[in-house]
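A.B. asks: Dropping a structure here in C-alpha cells format, bear with me for questions.
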Amino acid sequence: GPPSSQQASAMRASINAKVLPPWNGCPVSGLDTERLRARVVFSLDRQGRVTSVADPQVTGITDSNSPQVARFGECAVRAIRTAAPYSLPAEHYDHWKNYTLNFRKQ
C-alpha cells in the first residue's frame, strides 16, 4: 500500500539530504535570484538510480534574474543527478519512482 505520512516525510527528508549539498555547491548569483523557483520531475529505477530528468519548470523570472534562469535549472538537474543513487525503501517504489523536487536559493 501507499506509505504512511511519516514514511513519506522520511523519504522526502532522505532525498533532500542528498540533493542539498550539490545544490548548495552550484552557485547562482545576481539580482532577484532568490525569487527563482525550479520544479523538477525525475524518474528513478528500483536501485535508486536516475533514469530521466524532465526539463526544469522555472518560475519567479524577472528582467533582473532572467540571465540566470538557465544556470538555475542546470544546477537543479545536476544536483539530482549528482546525489544519485538514492537509497529508498523498495516496498514503496511506486511512491518514489517518479519524484518532484522544488528548488530555491536562500
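The values are calculated or read from the model by the stated rules, or taken from the named source; none is laboratory data. Only a predicted model underlies this, so the values are computations on that prediction, with no experimental measurement involved. As a convention, Cβ positions derive from the backbone with ideal geometry for all residues, glycine included, and neighbour counts pool all protein chains shown. Remember, those area values only see protein heavy atoms, side chains included, never the ligands or the DNA or RNA. Shrake-Rupley method; radii C 1.70, N 1.55, O 1.52, S 1.80 Å.
A.B. asks: Between exposed trypsin sites (Lys or Arg not before Pro) in the chain, where DSSP calls loop and at most 16 other Cβ atoms lie within 10 Å, what's the longest gap? Show your work: numbers first, answer last.
C.D. replies: Numbers: sites that count: 46, 49, 97.
Answer - 50-96.
A.B. asks: Calculate the tail of P(r) for the stretch 60-106: the fraction of all Cα-Cα distances greater than 12 Å, expressed in %.
C.D. replies: Values: 779 of 1081 pairs.
Counting every Cα pair in the stretch 60-106, those more than 12 Å apart make up 72 percent.
A.B. asks: Please give the calculated 222 nm ellipticity per residue for the chain, where each DSSP H segment of at least 4 residues contributes -39500 (n - 2.57) and the sum is spread over every residue; nearest 500 deg cm²/dmol? Please list the in-between numbers first.
C.D. replies: Numbers: 3 runs with 39 residues, N = 106.
Value at 222 nm, helices only, nearest 500: -11500 deg cm²/dmol.
A.B. asks: To the nearest 0.05, how large is the calculated FRET efficiency for residue 45 and residue 104 if R₀ is 22 Å and r is the Cβ-Cβ distance? Walk me through the numbers on the way to the answer.
C.D. replies: Numbers: r = 28 Å, r/R0 = 1.25.
Calculated transfer efficiency: 0.20.
A.B. asks: Residue by residue through the stretch 26-35, what is 3J(HN,Hα) from phi via Karplus (6.51 cos²θ - 1.76 cosθ + 1.60, θ = phi - 60°)? Round to whole Hz and write x for glycine and proline.
C.D. replies: Running phi through 6.51 cos²θ - 1.76 cosθ + 1.60 with θ = phi - 60° gives 10, x, 10, 10, x, 5, 6, 5, 5, 7 Hz.
A.B. asks: For the chain, what does the accessible surface come to per residue with a 1.4 Å probe? Please give it in Å².
C.D. replies: Working: 6180 Å² over 106 residues.
For the chain, the solvent-accessible area averages 58 Å² per residue.
A.B. asks: Does anyone have the angle between helix 5-24 and the longest principal axis of the chain? Alpha-carbon axes, 0 to 90°, nearest 10?
C.D. replies: Helix 5-24 sits at roughly 40 degrees to that axis.
A.B. asks: If you don't mind, there's one more thing I want to ask. Mind checking the angle between helix 69-83 and the chain's longest principal axis? C-alpha axes, 0 to 90 degrees, to the nearest 10.
C.D. replies: Rounded to the nearest ten degrees, it is 30.
A.B. asks: Count charges around residue 84 for me, please; just the other residues with Cβ under 9 Å from its Cβ, Lys/Arg as +1, Asp/Glu as -1.
C.D. replies: Numbers: positive: 18, 49, 81; negative: none.
With Lys, Arg at +1 and Asp, Glu at -1, the net is +3.
A.B. asks: Another question, then. Would you calculate the separation in nanometres between label points at residue 62 and residue 29, each defined as 7 Å from the Cα along the Cα-to-beta-carbon direction?
C.D. replies: Reported label-point gap for residue 62 and residue 29 is 1.9 nm.
A.B. asks: Once the principal axes of the Cα atoms of the chain are found, what is the range along each, listed largest first in whole angstroms?
C.D. replies: The principal-axis extents, from largest down, are 46, 24, 21 Å.
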